[in-house]
Structure formats: structure tokens, C-alpha cells
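First comes the structure, then the notes that go with it.
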Amino acid sequence: MRSIVAGHVAANATEFVELAIGTPLDLWLGEEGESEEERAARLAAARDILADDPSLYDRTTALAVETIGRTMPELLNLVPARPTVPARRRPRGKQVAA
């Protein structure tokens, strides 16, 4: 089965995600061995992209959840937390005997 995004054929999963979000993954994840200057420049570019397309974050998050749901659905089986029972309040000060 071929993965086609916006008319382009993705050769692998990384290309599929890059085509789906419209940016290279290295922009968001960084590269091994990058210098502090390279990291600062990469993050500045990422901020500019998000400023130009504020909905990119929501679309990318939705894509990640959809992908996890299809490939590893057990990760989305969340168990609700138990409600906490408030501790009993103890009376303050001296108690007067009745």
C-alpha cells in the first residue's frame, strides 16, 4: 500500500509525517550533535512557522493521536484517576466538654 499525502508519495513513515505537517521533523526534534547556535536558529524558525500557522500545533497533535490510535491503540486506554477523598477536618483549639 502506498502512502499518498497531498499528491506526493511518501517512501517511509518519516516522509509521510513530513508531508502531512509540511515541515521536516528535524525542525521540531533537532539533530544529534547540533550546536547551541544551531538549536537557537532552529527553534527561532519553528516559532516563526507556528506564528504564521497557529493551527499547525493542533493539526499535528490530532495527527499524532490518530496515528497512535491506529498503530498502538493500547496507549490510549486511559484509566480515570480515583477521586480523592478529602481528609476529615480536625477541630482547632481546645474542645469544651459538654
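Read the figures in this text as sums done on the coordinates, not as results from a lab. Quick caveat, the model's predicted, so the values are computed rather than measured. Reconstructed Cβ throughout: ideal geometry from the backbone, glycine too, with neighbour counts over all protein chains shown.
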## Note on the structure
Note: VAL9 to ASP52 extended length (0.36 nm per residue) minus current alpha-carbon separation gives 12.9 nm
### Summary
Here the net charge surrounding THR60, from other residues whose Cβ is less than 12 Å away from its Cβ (Lys, Arg +1; Asp, Glu -1), is -3
